[in-house]
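Trainee: The structure is given below, and queries will be raised subsequently.
The values are calculated or read from the model by the stated rules, or taken from the named source; none is laboratory data. Treat the numbers as computed from the prediction; the structure is a model and nothing was measured. Glycine also receives a Cβ, built like all others from the backbone with ideal geometry; neighbour counts cover every protein chain displayed.
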Amino acid sequence: MKLSHTNAKQATISLAEHKVTDVSREEFCVKCHASNNQVGAPTMVLPSKSFVCIACHYSPMRMGSPVFILAMMVALMGIVGTVVFWFRASVQGEATSVHRKFQLGSEVVWSKIFSREIFSILKTVFFDILLQRRILANSVSRWLIHSLIFYSFFARFALSFLTLFLQKFSPEGELTLALVNKDSPFVATFNDLTGVFILAGVIWAMIRRFITKPEYVSTEEQDTLALVIIGLVTLSGFILEGMRLLVGQIPAQVALSAFAGYVVSKLFSLVNLGWQSIYGYVWYTHALLWALFIAYLPFGKLKHIFTTPLSLLLNYKKG
């Protein structure tokens, strides 16, 4: 059995159009996921993606692999630890009662949200967080590095969330089907372009830290570890995509939209290895790296993604 790449009118068929009827039993899955299969499936039966993957690409609202469950547990422990650490300090003059501190902190947050100050706060969030005004004022090159990484992740998350929303409320819509299909020209090009931007930002940051070494650039271990994890996640993503295009026998006219993955697939095609079998191990490597990133978030400097907006809200003073 071999999947057709064209329909009766010789138009290209997407792999998204080849739907299976039952994925609840592994004995059904192994009909395609077998060694030397001709349907473009990896040998290994892989678990579902997790909702934590939505930061980079469309994923269903499932926990997926136990690896992601463990990562979320570690991340939640880190978040709880951060909150406990915060409440060791005094809040509005209260230094002993944790319950009273939480109550006072909540009152400050809600009073800011439902006050006229909220518009000024949102303006500050827009310029200082979304546009990263303070970083730009400090260093243009640093702002460019942050932008390559931050805006690429932000754009990928926005597209993933839009796809999830459309899948929920218009599952058979033309736009939904186009966005769910990772090989559609827009999605493939968008994913590869933003992936290249992220990788470029990581490489540029590493060069500044360890080669050019400007005086104002620090080389803190937490910063470096975060960059390494992000870089490895992105790099393994391109490797995985290249293998998918090769193993899935994606026609060149379709695969070309994923320009970076297509180059990787052509390089892999020069070496006669069991890519169908290797694919599963690379998939788990990519998943483990992302799980490590999720687990690390509350413990490293990247936690400022969450703490900075809250800090601005709590400490905002007009003028």
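Trainee: Do you know which residues across segment 240-262 are in a helix (DSSP H, G or I) and either surrounded by fewer than 16 Cβ atoms within 10 Å (Cβ to Cβ) or of a type outside the set (A, V, I, L, M, F, W, C) (or both)? Show your work before the answer.
Mentor: Our first condition is that a residue be in a helix (DSSP H, G or I); within segment 240-262, this holds for 240-247, 252-255, 259-262.
Answer for segment 240-262, where residues must be in a helix (DSSP H, G or I) and either surrounded by fewer than 16 Cβ atoms within 10 Å (Cβ to Cβ) or of a type outside the set (A, V, I, L, M, F, W, C) (or both): Glu241, Gly242, Arg244, Ala252, Gln253, Phe259, Gly261, Tyr262.
Trainee: Can Ser269 be described as surrounded by fewer than 19 Cβ atoms within 10 Å (Cβ to Cβ), modelled with pLDDT under 90 and either out of contact with any helix residue (DSSP H, G or I) (no Cβ under 8 Å at 6 or more places or on another chain) or not β-branched (Val, Ile, Thr) (or both)?
Mentor: Working: surrounded by fewer than 19 Cβ atoms within 10 Å (Cβ to Cβ): yes; modelled with pLDDT under 90: no; either out of contact with any helix residue (DSSP H, G or I) (no Cβ under 8 Å at 6 or more places or on another chain) or not β-branched (Val, Ile, Thr) (or both): yes.
So Ser269 does not fit the description; no.
Trainee: Can you find, within segment 109-133, the residue that is nearest to the chain's Cα centre (by Cα) among those that are of a type in the set (Lys, Arg), part of a helix (DSSP H, G or I) and farther than 17 Å from Leu148 by Cα?
Mentor: Here is the first cut: in segment 109-133, the ones of a type in the set (Lys, Arg) are 112, 116, 123, 133.
With the extra rule that they be part of a helix (DSSP H, G or I), the set shrinks to 112, 123, 133.
Keeping just the survivors that are farther than 17 Å from Leu148 by Cα gives 112, 123.
Values: Lys112: 31, Lys123: 26 Å.
Here the residue is Lys123.
Trainee: In this structure, does Ser65 turn out to be within 30 Å of Phe169 (Cα to Cα), touching a Phe, Trp or Tyr at 6+ places or on another chain (Cβ under 7 Å), at pLDDT 70 or above and surrounded by 15 or more Cβ atoms within 10 Å (Cβ to Cβ)?
Mentor: Working: within 30 Å of Phe169 (Cα to Cα): yes; touching a Phe, Trp or Tyr at 6+ places or on another chain (Cβ under 7 Å): no; at pLDDT 70 or above: yes; surrounded by 15 or more Cβ atoms within 10 Å (Cβ to Cβ): yes.
In short, no.
Trainee: Then there's this: Could you grab me the full set of residues in segment 44-58 that are of a type in the set (S, T, N, Q) and crowded, with 19+ Cβ neighbours inside 10 Å? Steps first, answer last, please.
Mentor: So the first thing to find is which residues in segment 44-58 are of a type in the set (S, T, N, Q), and the list is 48, 50.
Passing the criteria: only Ser50.
Trainee: Do the conditions hold for Ala188, that is, is it in contact (Cβ under 8 Å) with a residue 40 or more places away in the chain, assigned to a helix (DSSP H, G or I) and among the aliphatic types (A, V, I, L, M)? Write out each step before concluding.
Mentor: Working: in contact (Cβ under 8 Å) with a residue 40 or more places away in the chain: yes; assigned to a helix (DSSP H, G or I): yes; among the aliphatic types (A, V, I, L, M): yes.
Considered against the rule, which asks whether it is in contact (Cβ under 8 Å) with a residue 40 or more places away in the chain, assigned to a helix (DSSP H, G or I) and among the aliphatic types (A, V, I, L, M), Ala188 comes out as yes.
Trainee: Here's another thing I want to ask about it. Mind checking which residues of segment 34-53 are farther than 15 Å from Leu288 by Cα and either free of Cβ contacts under 8 Å to residues at least 12 places away in the same chain or in contact with a helix residue (DSSP H, G or I) (Cβ under 9 Å, 6 or more places away or on another chain) (or both)?
Mentor: Start the filter on segment 34-53 by keeping residues that are farther than 15 Å from Leu288 by Cα, which leaves 34-45.
The answer is Ala34, Ser35, Asn36, Asn37, Gly40, Ala41, Pro42, Thr43, Met44, Val45.
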